[in-house]
Amino acid sequence: MSAQSRAVLITGASSGMGAATAVRLARDGARIVLAARRVDRLDAVAEQVRQAGGEALVVPTDTTEYEQVRALVSRTMEAFGRIDVVFNNAGLMRVGPIEKLAIADIDRMVRTNVLGAIYVLKETVPILKRQDCGIIINVSSVLGRKTRATAWVYAATKWAVTAINEGLREELVGTKVRVCAIQPGVVDTELFDAFETHPKKAFSITHPIKPEEVADLLAYIIDRPWHFNVNEVLMRPTQQMV
């Protein structure tokens, strides 16, 4: 499948790494399915995708709702007939001492980061298996391999993604479907808005990773041949201690 005709499904596509990756792959002429909850943001990203030379399909989706995920994948197949890249990127971070974390925030974080990711895989993996090609990129975190006080609930969800990624990789051995997890440190996105003190300040990071830099890395990973599977990528700003 050439870069020019790839069908790319991106969740969490309204901002950050999702939006940056959509625009980056559009420069190669990819057909991009943009999924997230914020329709106005999706429309803006879609315009950027088209200006970059790609095709954009906007499908407002809350990945914590299984029927919405089913509809997303159905719309994708109706429009493009296949899925070549799944960027399983929707995520939510809430941090703080456990007694200060609202139950609603805990519930939403677990449902988004774990159940939402599983729902996307439940609907897309059979398609990629039938095609016997494609790549799935799941978003874990540095906190998917270590944990910290006040961030351990979020870390638990990202440890889950790391486990999901490795188990799925083993499940798909024998096919030409690749599975990769990225484990970013501080990326300059709104994910960290939940912190009272932004990690850029807390960790004295003056140069966080840019979403566009992650997008360039993902484009490289996606472009590897089917027999070359980049299983995990751990990335941090050079200044990040944790």
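Read-outs throughout are calculated quantities, based only on the coordinates presented, and are distinct from any laboratory measurement. Worth saying up front: this structure is predicted, and the values here are computed from it rather than measured. Heads up, the Cβs are rebuilt from the backbone with ideal geometry, glycines too, and the neighbour counts pull from every protein chain shown.
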Pairwise label distance in nanometres, GLU78 with MET241, each label 7 Å out on the Cα-Cβ vector: 5.3
Segments 55-61, 39-45, 222-228 sorted - mean Cβ within 10 Å per residue, highest first: 55-61, 39-45, 222-228
Cβ-derived FRET efficiency at R0 35 Å, ILE103 paired with GLU190, nearest 0.05: 0.95
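Between the DSSP loop rule and a limit of at most 15 other Cβ atoms within 10 Å, which chymotrypsin sites (Phe, Trp or Tyr not before Pro) in segment 59-129 are left?
Values: sites: TYR66, PHE80, PHE87, TYR119; in loops: none.
Qualifying residues, ordered by number: none.
Determine the alpha carbon to alpha carbon distance for each of LYS122/LYS146; LYS158/LYS210; LYS100/LYS158 and list only those over 24 Å. Write out the running numbers ahead of the final one.
On the way: LYS122/LYS146 27 Å; LYS158/LYS210 20 Å; LYS100/LYS158 20 Å.
Distance filter (> 24 Å) returns LYS122/LYS146.
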Gained length - THR150 relative to ALA219, 0.36 nm times residue gap less alpha-carbon distance: 21.5 nm
The chain: most fluctuating residue of THR150, THR76, THR162 per GNM, C-alpha cutoff 10 Å: THR150
Mean separation of Cα contacts under 8 Å, 6 or more apart, over the residue count of segment 3-235: relative contact order %: 20
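Order of THR11, THR175, THR124 from fewest to most other C-beta atoms within 10 Å? Please list the in-between numbers first.
Working: THR11 28, THR175 16, THR124 23.
By the 10 Å Cβ count, ascending: THR175, THR124, THR11.
What does the helix-only formula give at 222 nm for the chain: each DSSP H stretch with n ≥ 4 adding -39500 (n - 2.57), the total divided by the residues, and the result rounded to the nearest 500 deg cm²/dmol? If you can, show how the numbers build up before the last one.
Numbers: 8 runs with 98 residues, N = 242.
Only helices count here, giving -12500 deg cm²/dmol.
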Cut-off under 5 Å, modelled amide H: who pairs with VAL33 long-range: VAL8, LEU9, ILE10, LEU57
Residues CYS133, CYS180, sorted so that the one with the fewest Cβ neighbours within 10 Å comes first: CYS133, CYS180
Residue with peak Gaussian network fluctuation, the chain [Cα springs, cutoff 10 Å], from ILE32, ILE164, ILE98: ILE98
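Taking a ≥ b ≥ c as the square roots of the Cα gyration tensor eigenvalues, with a/c under 1.5 meaning rounded and otherwise prolate when a/b beats b/c, else oblate, which class fits segment 29-91? Write out the running numbers ahead of the final one.
Values: a/c = 1.91, a/b = 1.24, b/c = 1.54.
Judged from the Cα gyration tensor, segment 29-91 comes out oblate (a/c at least 1.5, b/c at or above a/b).
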